[in-house]
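Since the structure comes first, as structure tokens, the remarks are kept for the end.
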Amino acid sequence: MKLSGSIQGIRGIVSGLLLVALVFSSSITPFAQQPGRNARLTVTVTDQTGRAVPGAQVQLRQQNAIISTATTNEEGRADFNGLAAGSYDVAISKDGFEPLLLNTVEVKADSPFDLPATLLPRAVTDVVNVSSTTASNTPLEQGGAAATELRRDQAKERADRPDNVAETLPYIPGIARTDQGQLRIFGGSENRSALIVNSADVTDPATGQFGMTVPIDSVQTINIFRTPFLAQYGRFTAGVVSVDTRRGGEKWNFELNDPFPEFRYLRGSLRGLREATPRLTFNGPLIKNRLYFSQGIEYDIAKRRVLALPFPNNETINESVNSFTQFDYIASDRHNLTGTLHIAPRKAKFFNLDFFNQRPVTPNFSARDYTGTLIDRWTLGENVLESTVAIKRAGLDVWAQGRQEMTLTPTGNAGNYFNEQDRNSSRVEWLETLSLKPISNMVGTHNLKFGTGITRTVNRGEYLARPINIRDTAGTLLKRVEFAGGGRYRRNDLEVAAFGQDHWVVTPKLAVDVGTRFERQGITETFRIAPRFGLAWTPFGNQQTVLRTGYGLFYDRVPLNVYSFDKYPEQIVTTFGPNGTIIDGPRRFMNITDQAEARRTPFIHRGSEAGNFAPYSATWNLEVEHPVTSYLRLRASYQASNSYGLITLTPKVVQGQDALVLGGGGKARYRQFELLSRLSWKEGQELFFSYVRSRSEGDLNEFNNFLGSFPVPVIRPNQYSNLPGDMPHRFLLWGNVQLPWKLRIAPLVEWRTGFPYFTVDAAQNYVGVPNADDKRFPNFFSLDARVTREFKINKAVETIFGRKLQDPYAVKVSFSVYNLTNHFNPPSLHNNIADPQFGLFFGQNKRRFRLDFDIVF
């Protein structure tokens, strides 16, 4: 590989700088509280409906210098302790809201002061007049397109009770989970999106998949970006999921969710455990006003059943632990540190069980996922410097139920799963971000932000495979696939990135985001330039209606599994005639990594080496948002995205030699029109409505189908068609509503077009165009609901322990129903034309009920 000496030098420099940063951070000691600095200020931020606004940034200023910064918690509260008595300006900002500046707030010694503040939905202006407020220079976020935000309380109260971040995503407009369990994010597969937790990348370095995500109890907010035109975001071509986690509060809080297991009853008899998902959350101050602690941990054992199979051989057994720990250290008013540790081991037996792949044919797996981060924030005058060091370790073992060869037939598969893997990957990432103080001049206010990043990744492991036999319904052998060669692999990569961006408030009605991101991924030998532009404009005098638009280039990070392909065993394919004679083969397919398809663009610079991939998308959008009333807000948007250079795996003949070619010429196209409304009439009561008209099409042989954790056994010729998650029409309704007798109901309604499918013949070849519009599952409809009632139990606890309780104790009881209408939503299909039941949809998940208990204190 070129530049190896330079890379080794860079690695040495990076290692030294990391060591210096860690030593510096560990050597910081708390500043002693100065005499006279005993004043306290609490800022409580709400929206115009009175609902708490978590995740808002609150700054205290004196004479234009930032004295201290804090972020509001779930109650919308930000606490400032150890202040000197005097007068402060309070600046508050939050994506989606107008920034707010409250001038001349008097804080007195030994006299805590509570300051209420109300944020209004954002137009464009950075000028908001409230009482004696004057113009604020607090920067707005993301002018070109609005993010979709989910708060922890919104996600937890939803009818489907998500346990982690990934489970919250399918009910975001434009995101769906297929019947095979794969997330499709704005038309793309999961590995084409970025998952960021507290600014750090937490995807699997080997595959780009999300893996086990943060427990929902540890989440503060989740922001989903369709088109983040800010240059700070990179390593994606589909979407960005950004998670901010929950810090400890001023008082200790404990919450125990789902402490009781769910049992399985069949025909009136108890038939063992169905599921147990106890979750414990606790957080509070370890050292008052100085050190805060937050912990969320979940144990999950679940037996997922396949209704098309007979009990007891119809269950996949999943077991996992998901733990997230966070420490927040306030070194001074201008300096704080955050450390997090995410530990998530998991395992499964009979993974991907279905009617066609029964227990003997399914794989088992054991996975390990560990992520640690350290974030150091300095306020330097009116500038903010944030340093992040993140370390990730991920591992996966996949094995079969036995050593038999795998057999594919039109009516179902037999034998054992063909693939085994042993893989370990890691990432060390160092990020520096500098946000400068706003610069005002004759043409507006500039909010400049710059950043750099260095990332080193490693992937090592081994890929093993056993023969695959393809037979017809009579058992006649049609094709045999054997494997030869292969061995252990180890791949390293060094990435560097830098960005600069300006949020420019031109006038109170016009804001512009402009910036550029620069990336170099060493293993691909490519240098990429990603210009971005976004605009927000309020054309009318009342500044209520907001128009947004933007355009940008976005690049995928190429995961390291792609560069392990040359160490995978090669396929030897033999085709047989009706009488058992060989009619073709044996043909040995070489594993070839090709060059990327050449395209004329000034934004990608690369050499001619094999594997010089740089997948990218060119995306633009147009959006309008308008508050109809103080309770109802509407948003309409259109997005167009064209992706090029995607990595595909295709059988070809190269210079007379059969080969499986890993190439960079894949394409995809995504179009989405979205209508979204939010109806919020009282604190804690809201309903979300969305309709999405979308089309996603592209090359079907995406590399992750074959080089991922659970590869498919057959590699067919590539075709361009509808992608697996294509949904022309989708309607969603969800929210939370107060009922009489202190009951709350969380409805969840979904209607959508059925997913596309493909048909094959007895030899497992495509028949017709796969995933065509005339090959779709029935339209999907589901009505779910969760009814909750909270019971205060202070008196009962006081009676038991014999002392007065200061904090509230409660038990929350909830009753849930899924698929209330019992609509026919089949997950399976007989799609082989040689199958006597060809064309039959089956496996309906019928109406189901669930009872849950939560304890809060």
Answer from Asp513, Asp594, Asp566 - the residue that is closer than 30 Å to Val202 by Cα and under 29 Å from the mean Cα position of the chain (by Cα): Asp513
Residue check, Ile583 surrounded by 14 or more Cβ atoms within 10 Å (Cβ to Cβ), hydrophobic (A, V, I, L, M, F, W, C) and not in a loop (DSSP other than H, G, I, E, B): no
For the stretch 616-637, give me the residue count where each residue is over 11 Å from Thr545 (Cα atoms) and among the hydrophobic types (A, V, I, L, M, F, W, C). 5
Please enumerate the residues belonging to the stretch 510-549 that are open to solvent by less than 40 Å² (accessible area, probe 1.4 Å), among the aliphatic types (A, V, I, L, M) and either farther than 30 Å from Gly663 by Cα or touching a His at 6+ places or on another chain (Cβ under 6 Å) (or both). Ala511, Val512, Ala536, Val546
Report, by residue number, each residue of the stretch 452-509 that is among the hydrophobic types (A, V, I, L, M, F, W, C), more than 24 Å from the chain's Cα centre (by Cα) and open to solvent by less than 20 Å² (accessible area, probe 1.4 Å). Ile468, Ile470, Val481, Val505
Search the stretch 603-624 for residues being surrounded by fewer than 15 Cβ atoms within 10 Å (Cβ to Cβ) and more than 31 Å from the chain's Cα centre (by Cα), and hand back the single one that is farthest from Thr574 (Cα to Cα). Gly607
What number of residues within the stretch 661-683 are open to solvent by less than 30 Å² (accessible area, probe 1.4 Å) and not in a strand (DSSP E or B)? 0
Conditions: (1) crowded, with 18+ Cβ neighbours inside 10 Å; (2) out of contact with any Asp or Glu (no Cβ under 7 Å at 6 or more places or on another chain); (3) touching a residue at least 40 places away in the same chain (Cβ under 8 Å). Val306 meets all but one. Number of the miss? (2)
Run Gln232 past the list (1) farther than 30 Å from Ser68 by Cβ; (2) modelled with pLDDT of 90 or more; (3) open to solvent by 40 Å² or more (accessible area, probe 1.4 Å); (4) part of a loop (DSSP other than H, G, I, E, B) and report the number of the one that doesn't hold. (1)
Is it the case that Val737 is among the β-branched types (Val, Ile, Thr) and surrounded by fewer than 20 Cβ atoms within 10 Å (Cβ to Cβ)? yes
Return the residues of the stretch 245-274 that are assigned to a strand (DSSP E or B) and open to solvent by less than 20 Å² (accessible area, probe 1.4 Å); say none if nothing qualifies. Thr245, Asn257, Arg264
For the stretch 401-424, enumerate the residues that are within 12 Å of Ile468 (Cβ to Cβ) and either touching a Ser or Thr at 6+ places or on another chain (Cβ under 9 Å) or open to solvent by less than 40 Å² (accessible area, probe 1.4 Å) (or both). Met406, Thr407, Leu408, Thr409, Asn413, Ala414, Gly415, Asn416, Tyr417, Phe418, Asn419
Please work out if Val165 is hydrophobic (A, V, I, L, M, F, W, C), in contact (Cβ under 8 Å) with a residue 24 or more places away in the chain, on the phi < 0 side of the Ramachandran plot and open to solvent by 10 Å² or more (accessible area, probe 1.4 Å). no
Looking at Pro717, Pro713, Pro728, Pro724 in this structure, which one is open to solvent by 50 Å² or more (accessible area, probe 1.4 Å) and at pLDDT 90 or above? Pro717
Scan of the stretch 208-240 for residues that are over 18 Å from Pro170 (Cα atoms) and of a type in the set (Phe, Trp, Tyr), ordered by number: Phe229, Tyr233, Phe236
So, in the stretch 385-400, how many residues would count as being under 24 Å from Asn424 (Cβ atoms) and either over 22 Å from the mean Cα position of the chain (by Cα) or open to solvent by 40 Å² or more (accessible area, probe 1.4 Å) (or both)? 6
For residues that are open to solvent by 20 Å² or more (accessible area, probe 1.4 Å) and β-branched (Val, Ile, Thr), tally how many sit in the stretch 203-229. 0
Conditions (1) open to solvent by 50 Å² or more (accessible area, probe 1.4 Å); (2) of a type outside the set (Gly, Ala, Ser); (3) part of a strand (DSSP E or B); number of the one not met by Leu448: (1)
Got a number for residues in the stretch 599-616 being in a loop (DSSP other than H, G, I, E, B) and under 20 Å from Leu560 (Cα atoms)? 9
Wholly within the stretch 474-567, strands (runs of 3 or more DSSP E) carrying at least 3 residues that are at pLDDT below 95: 489-507, 510-521, 526-537, 546-555
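The rows are residues; the columns are (1) among the aromatic types (Phe, Trp, Tyr); (2) free of Cβ contacts under 8 Å to residues at least 12 places away in the same chain; (3) closer than 17 Å to Ala70 by Cα.
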residue: Phe254; (1), (2), (3): yes, no, no
residue: Pro259; (1), (2), (3): no, no, no
residue: Gly268; (1), (2), (3): no, yes, no
residue: Arg279; (1), (2), (3): no, no, no
residue: Phe282; (1), (2), (3): yes, no, no
residue: Pro285; (1), (2), (3): no, no, yes
residue: Arg290; (1), (2), (3): no, no, yes
residue: Ser294; (1), (2), (3): no, no, yes
Would you check if Gln48 is open to solvent by 30 Å² or more (accessible area, probe 1.4 Å), out of contact with any Asp or Glu (no Cβ under 9 Å at 6 or more places or on another chain) and at pLDDT 80 or above? no
Regarding the stretch 779-794, can at least one residue be identified that is over 22 Å from Pro162 (Cβ atoms), at pLDDT 95 or above and surrounded by fewer than 17 Cβ atoms within 10 Å (Cβ to Cβ)? yes
How many of the residues in the stretch 369-384 are modelled with pLDDT of 95 or more, open to solvent by 10 Å² or more (accessible area, probe 1.4 Å) and of a type in the set (A, V, I, L, M, F, W, C)? 1
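The values are calculated or read from the model by the stated rules, or taken from the named source; none is laboratory data. Treat the numbers as computed from the prediction; the structure is a model and nothing was measured. We place every Cβ from the backbone using ideal geometry, glycine too, and count neighbours over all the protein chains shown. These accessible areas exclude ligands, DNA and RNA; they are computed on the full protein's heavy atoms, side chains included. Shrake-Rupley method; radii C 1.70, N 1.55, O 1.52, S 1.80 Å.
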